[in-house]
Amino acid sequence: MPGVFNLSVDEAVKEAEEAAQLGLGGLLLFGLPESKDEQGTGAWDDQGIVQQGLRALKANAASKKLVLIADVCLCEYTSHGHCGMVVETADGYDVENDASVDILGRTAASLAKAGADVVAPSDMMDGRVAEIRRALDEEELEQTPILSYASKFASAFYGPFREAADSAPQFGDRRSYQMDGANVREAMREIELDLGEGADMILMKPAMPYLDVIRAARDRFEVPMGAYQVSGEYSMLQAAFAKGWLEPQRTMLESLIGMRRAGADFIVTYFAKDAAKVL
């Protein structure tokens, strides 16, 4: 992913300062721990890498202007690369939904206490929004909003991120808990369920191959909604730029305008700094 790097905490603070100077609205934070285990304990460790980063960003005057959104998932922290707890079955292995939801609640509370303005569950486990809301309220974090990846599809476009975060599943895939790309009706049901459980905002992922889903959600739900231009979308365009096949600035802006036109109120993108400089 040209121009995109894993950053130490001190370098992340510098990056945040630049983002604030460029007028970006916020940052979506992911973490890559020093070590991983089957339970993904680094995700809810109060001394975890994202928790450290949040405290450092909150202590920096420039980055205080940014909305700090913390991704809530386990795939970056588990040795097996799945987004939840894995149990052995007669047929091999399976992701245990209920045990995962409990851990996700603990993770969200830890991130919010460390300074996250918004928590964003991206795991797609059933019932996780309700558990996260309960966990936040229990810690007197009632005002911390939940940005739910309510419509996250099992997509091939996540490949570059998984390589960067070393979070690809070590066995099987994520189709049992992420959505079928052919089923837009299921996406609407998932969004409705998450909003009913207490989600304040929704995030659609990926963006470009699913603009029709963004439009369908915009027509149906009156909540803040974002589009996530994921790593594969970004890398695909960067490869075309490197070949001289597409004009970078026009193509970048056209891709982002398409998401806005489809109904996104805000956009998560690796082009954020480049776009801000143009705009």
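The values are calculated or read from the model by the stated rules, or taken from the named source; none is laboratory data. The model shown is predicted, which means the values in this text are computed figures rather than measured ones. All Cβ positions, glycine included, derive from the backbone under ideal geometry; neighbour counts span all protein chains shown. Only protein heavy atoms, including side chains, enter the accessible area calculation; ligands, DNA and RNA are left aside. Shrake-Rupley method; radii C 1.70, N 1.55, O 1.52, S 1.80 Å.
Among the residues of segment 104-118, is there at least one that is at pLDDT below 90 and in contact with a Phe, Trp or Tyr (Cβ under 8 Å, 6 or more places away or on another chain)?
Going through segment 104-118, the residues at pLDDT below 90 turn out to be none.
No, every residue in segment 104-118 fails to be at pLDDT below 90 and in contact with a Phe, Trp or Tyr (Cβ under 8 Å, 6 or more places away or on another chain).
Do you know which residues across segment 217-238 are surrounded by fewer than 20 Cβ atoms within 10 Å (Cβ to Cβ), aliphatic (A, V, I, L, M) and either within 16 Å of the chain's Cα centre (by Cα) or farther than 24 Å from Val119 by Cα (or both)?
Scanning segment 217-238 gives a single hit, Met236.
Of all residues in segment 239-264, count the ones that are of a type in the set (Val, Ile, Thr) and open to solvent by less than 10 Å² (accessible area, probe 1.4 Å).
0
Taking the residues in segment 24-71 that are charged (D, E, K, R) and part of a loop (DSSP other than H, G, I, E, B) as candidates, determine which candidate is surrounded by the fewest Cβ atoms within 10 Å (Cβ to Cβ).
Once the filter is applied, the top-ranked residue is Glu34.
Which one of these does Asp94 not meet: (1) open to solvent by 20 Å² or more (accessible area, probe 1.4 Å); (2) outside any loop (DSSP other than H, G, I, E, B); (3) under 16 Å from Leu29 (Cα atoms); (4) out of contact with any helix residue (DSSP H, G or I) (no Cβ under 7 Å at 6 or more places or on another chain)?
(3)
Free of Cβ contacts under 8 Å to residues at least 24 places away in the same chain, open to solvent by less than 70 Å² (accessible area, probe 1.4 Å) and more than 22 Å from Ser148 (Cβ to Cβ): does that describe Val87?
yes
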